[in-house]
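Everything on this sheet refers to the single structure shown next.
FYI, it's all coordinate maths here, none of it is from the lab. Every value quoted in this text rests on a predicted model; they were computed, and no experiment measured them. With ideal geometry, Cβ positions are generated from the backbone for all residues, glycine too; neighbour counts draw on all protein chains shown.
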Amino acid sequence: MAGSIGVIFYTDSSSPAAVKLNAEYQEMFQTDTQLGPYLYTAYDGAWTFFWALRNILLKNTNGIDIDLPNSEPITDQWRANFHDVLRLTKFQGVNPGEIFFDKNGDGNAIYGIYNYALDNSLKLIGTFDQESGLYTKVAEAVWPDGSTEIPEDHFPFQYEYISEGLKWAFIGLGIGAGVLATINFILLILFWNDPRIKASTPEFLVFIVFGTLLSLCTIFVFAQIPSESTCVIPHWFNHMAFWIIYSCLFIKTARVWWLFYMGSKTRKVKPISVRLILLPSVLYVSSRVSTLACGLD
C-alpha cells in the first residue's frame with residue numbers, strides 16, 4: 001500500500017560490486033532493467049550457501065566433521081553440521097559491509113528503510129547499521145495521506161487487535177450463548193428421568209452441551225490481544241468441542257441404525273455405554289498429546 005514502510009537489506013547501487021553485477025546481468029539478458037535491492041540481497045543469500053559449500057570442500061570448517069553430500073540421502077546430522085558451517089561463512093558481497101553471522105545467527109548487514117511511495121516505487125528514507133547501531137536519515141517518510149507528518153491514529157507502542165465495541169459484542173455473544181447452554185444443562189438434570197429424555201439417551205445430551213460450552217469459551221479468547229496462549233487455547237478447545245459434539249451425533253446415528261438392525265433380529269438391544277461415547281474424544285486427545293510430545297505439531 002502506498003505510504004507503507006518496510007525494512008530490507010540496504011544496497012548501494014553505485015558500489016563497484018553492484019555496478020559490476022548489474023552490468024553482467026544487463027549483458028547476459030540483453031536488457032536495460034536495473035537490479036533492485038531485493039535481487040542484490042537474493043544474490044548475496046545464494047552466495048552464502050556457495051561459500052559454505054566451498055569451505056566444506058576446502059576443509060575450512062573450524063573442526064566440524066562434514067563432507068560434501070554424495071549419492072546417499074542427506075541426514076539430519078548433515079543438515080545440522082551444514083547449519084554450523086553456514087554460520088561460519090564470511091565474505092564480501094554486493095551489499096555494503098562484510099557478510100557474516102553473529103552469535104545469535106543474525107546476519108551482519110546495513111538495513112535499508114524503504115518507503116513505498118505514491119508513484120508505486122520504493123524510495124530509501126534511511127539506513128540502519130546493525131554492527132554499530134547507527135541510524136542515518138536520508139529522507140522523510142510519505143504516509144498514505146501524502147503528508148510527511150506522522151498520522152495521529154498510528155499505534156507506535158501498542159497493538160489494537162479489535163475495536164472496543166466489537167470486543168464487547170464478542171463477549172456478550174459468548175455470555176448469552178453460554179447462559180442458554182447452561183439453562184439447557186440444568187433442565188436436562190431436572191428432567192433426567194423423564195421418558196422423553198431417557199429415550200434420547202441423556203448421556204449424549206450432556207456431552208453435546210459440554211462441547212458447546214467448551215467451544216463458547218474460545219469467544220472470550222478472541223476478544224483478547226493475540227499471544228501464545230490465546231493462539232493455543234482456541235486450537236485445542238475448538239477441536240475438542242468438535243470431536244465431542246460430532247462424535248456424539250455420529251454414535252447416536254449409529255445407535256439408531258443398530259436399534260433397527262438388532263431389533264429386527266432379537267428385539268433386544270443393549271444400551272450404549274458412556275465409555276463408547278468418550279472413546280473418540282479420548283483417541284483425539286491421545287493423538288494430539290503424542291504429536292506434541294514428538295515435536296510434530
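Neighbours of Glu131, meaning other residues whose beta-carbon lies under 11 angstrom from its beta-carbon, give a summed charge of -4 when Lys and Arg score +1 and Asp and Glu score -1. Values of log10 I(q)/I(0) for region 42-83 across q = 0.16, 0.30, 0.32 Å⁻¹ run -0.43, -1.11, -1.15, by the Debye formula with one identical scatterer at each alpha carbon and no solvent.
Across region 16-98, the mean sequence separation of Cα contacts (distance under 8 Å, 6 or more residues apart), normalised by length, yields a relative contact order of 37 percent. Per-residue 3J(HN,Hα) values for region 168-182, derived from phi via the Karplus relation 6.51 cos²θ - 1.76 cosθ + 1.60 with θ = phi - 60°, read 6, 5, 4, 5, x, 4, x, 5, x, 5, x, 5, 4, 5, 5 Hz in sequence order (x marks Gly and Pro). Placing dummy labels 7 Å off each Cα toward the beta-carbon, the span from Ser13 to Glu27 is 2.0 nm.
Placing one equal scatterer on every Cα of region 11-108 and applying the Debye formula, the log10 ratio I(q)/I(0) at q = 0.10, 0.17, 0.24 Å⁻¹ is -0.35, -0.82, -1.18.
Relative to the current alpha-carbon distance between Leu124 and Lys90, full extension at 0.36 nm per residue lengthens the span by 9.6 nm.
When each of the peptides 251-258, 94-101, 83-90 is scored by the mean number of other C-beta atoms lying within 10 Å of its residues, the order from highest to lowest reads 94-101, 83-90, 251-258.
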